[in-house]
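Quick notes on the structure that follows.
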Amino acid sequence: ESLLAQTLGDFEILAVDDGSDDGGATWQVLEGHASRDARVRPVRAGRVGIAAALNLAAGLARGRFLARMDADDLCLPDRLRVQTALLEAEPGVDAAGCLVRFGGDSEAAAGYARHVDWLNSLRTHEEMRLGVFRDAPLAHPSAVFRADSFKRFGGYRDGPFPEDYELWLRWLDAGARLGKAVKELLVWNDPPQRLSRTDPRYAADAFFALKAGSLARWLAANNPLHPDVYVVGAGRVTRRRAERLCEHGVRIRAYLDIDPAKIGRAHQGRPVLHHEDVPAPGEAFVASFVSTPGAALHVARFLESRGFRPGRDYVQAG
């Protein structure tokens, strides 16, 4: 209903039923809409999974742009008009998102609410390019792709990882540019059974395993002191995640922390230093794997007070 209420009229809805198990009720709803509006094209995928279902829809699409949408979210009326106008006005942008409204309980799901706030703070390509090493830099159901960019950079891949995050990493590695409409155009809902909460492909370790290779390649191209980095965060989980970089040729010189119980120790020969003892910019490149609420911002402010600049002297990866 929210799609059919769009102020842009020239579009089609490829509604993919990926093996719904409700006795055909979903298919009847889709066919009912299609009988009333020729823009609705129901597609029966069988049960192929989200990546294959998305690629199936993209292959059937006839438009110049491909807009993502999930069944449990809502589009605000101007979404398609505003995002396609952005792509028309900026031919160098391959995919565009928008600001999103959190549709869940901001107290019961405070983590997701903070994540939405962080997503909405990333506005430029440069901010999203660096932000991808923390998480997906735009809400997946808010994305609108150029169809030719989707063909050029490749569609979704299936594996033990979040399919949207893998796509953003791969596209950005290949030089794709992202844009974002600075207007709230999508309500991003948070039902308890969403895949992000229930599927192991979306667990934190799956994200860190996936990002390690991409981040290592970025460091090789942008860290003037490559392969050496200093890592913020010396806790066991943080170290396990950061040390995945070593599998890709990165060398951790030391860990930086504020916990007196950790400072002075060593892990696999790497000392734990007080964060105040970080060498100066130009003498150290820092990768922060701190992700607790507020801590990542505190780390960024501390580093920048010492003259470190994002993308030049440090990167946040937690």
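Distance between the C-alpha centres of region 93-158 and region 237-276: 30 Å, rounded to the whole angstrom. Sorted from greatest to least, the principal axis extents spanned by the alpha carbons of region 15-61 come out as 28, 26, 10 Å. Largest accessible area first, the residues Leu74, Leu167 order themselves as Leu74, Leu167 under a 1.4 Å probe with ligands, DNA and RNA left out. Once C-alpha pairs closer than 8 Å and six or more residues apart are averaged by separation and normalised to the residue number of the chain, the relative contact order reads 15 percent.
Using a/c under 1.5 as the rounded threshold, could you call region 253-316 rounded, prolate or oblate? The axes a ≥ b ≥ c are square roots of the C-alpha gyration tensor eigenvalues, and prolate needs a/b larger than b/c, oblate otherwise. All intermediate terms of the calculation are to be shown ahead of the outcome.
On the way: a/c = 1.86, a/b = 1.31, b/c = 1.42.
It is oblate, given that a/c is not under 1.5 and a/b is not larger than b/c.
GNM, the chain, Cα, under 10 Å: largest mean-square fluctuation among Glu283, Glu127, Glu184? Maximum fluctuation in the GNM of the chain, among the listed residues, is at Glu283. Can you tell me which of Ala15, Ala58, Ala71 moves the most in a GNM of the chain? Springs connect C-alpha atoms under 10 Å apart. Most flexible of the set in this elastic network: Ala71.
Among the protein heavy atoms of the chain, carbon and sulfur supply 51% of the accessible surface, probe 1.4 Å, non-protein parts ignored. Taking 0.36 nm per residue of sequence separation and removing the Cα-Cα distance, the Ala204/Ala174 pair yields an extension gain of 8.4 nm. Seen through its C-alpha gyration tensor, with square-root eigenvalues sorted a ≥ b ≥ c, region 1-114 comes out oblate because a/c lies at 1.5 or above while a/b is not bigger than b/c. Once both labels are positioned 7 Å from their Cα atoms along Cα-to-Cβ, the gap between His226 and Lys151 label points is 3.2 nm.
A 1.4 Å probe over all protein chains sorts Asp259, Asp105 by accessible area into Asp105, Asp259, starting with the largest.
Estimated from the Cβ-Cβ distance and a Förster radius of 30 angstrom, the FRET efficiency linking Leu60 and Ala89 is about 0.65. Given axes a ≥ b ≥ c from the Cα gyration tensor, I'd like to know whether region 206-318 is rounded (a/c under 1.5), prolate (a/b larger than b/c) or oblate. Rounded. Taking the longest Cα principal axis of the chain as reference, the axis of helix 295-305 is set at about 60 degrees. Quick note on the chain: its Rg to Rh ratio, both from C-alpha atoms and Rh being the Kirkwood radius, is 1.01. To the nearest 10, the accessible area of His226 is 70 Å² with a 1.4 Å probe. Seen against the Cα atoms of the chain and their longest principal axis, helix 204-222 is set at about 70 degrees.
Rounded to the nearest 500, what is the chain's calculated 222 nm mean residue ellipticity when only DSSP H runs of at least 4 contribute -39500 (n - 2.57) each, over all residues? Mean residue ellipticity, 222 nm, calculated: -10500 deg cm²/dmol. For region 21-110, GluC sites (Glu not before Pro) are listed when DSSP marks them as loop and at most 15 other Cβ atoms sit within 10 Å of their Cβ; the list is Glu107.
Beta-bridge orientation, the chain: approximately 25 percent antiparallel, per DSSP, counting only bridges with both partners inside.
Which aspartates and glutamates have a Cα less than 14 Å from the Cα of Lys211, not counting those fewer than 8 places away in the same chain? Once the sequence-local aspartates and glutamates are set aside, what remains near Lys211 is Asp135, Glu163, Asp164, Glu166, Asp173, Glu243, Glu247.
Largest first, the extents of the alpha carbon coordinates of region 136-186 on the three principal axes equal 32, 24, 17 Å. Considering only Thr238, Thr26, Thr84, the mean-square fluctuation computed in a Gaussian network model of the chain, springs between alpha carbons under 10 angstrom, is largest for Thr26.
Across all Cα atoms of region 67-159, the radius of gyration (one decimal) and Dmax (whole number) stand at 14.0, 41 Å.
The values are calculated or read from the model by the stated rules, or taken from the named source; none is laboratory data. On a predicted model such as this, the values are computed, not experimentally measured, just so you know. As a convention, Cβ positions derive from the backbone with ideal geometry for all residues, glycine included, and neighbour counts pool all protein chains shown. These accessible areas exclude ligands, DNA and RNA; they are computed on the full protein's heavy atoms, side chains included. Shrake-Rupley method; radii C 1.70, N 1.55, O 1.52, S 1.80 Å.
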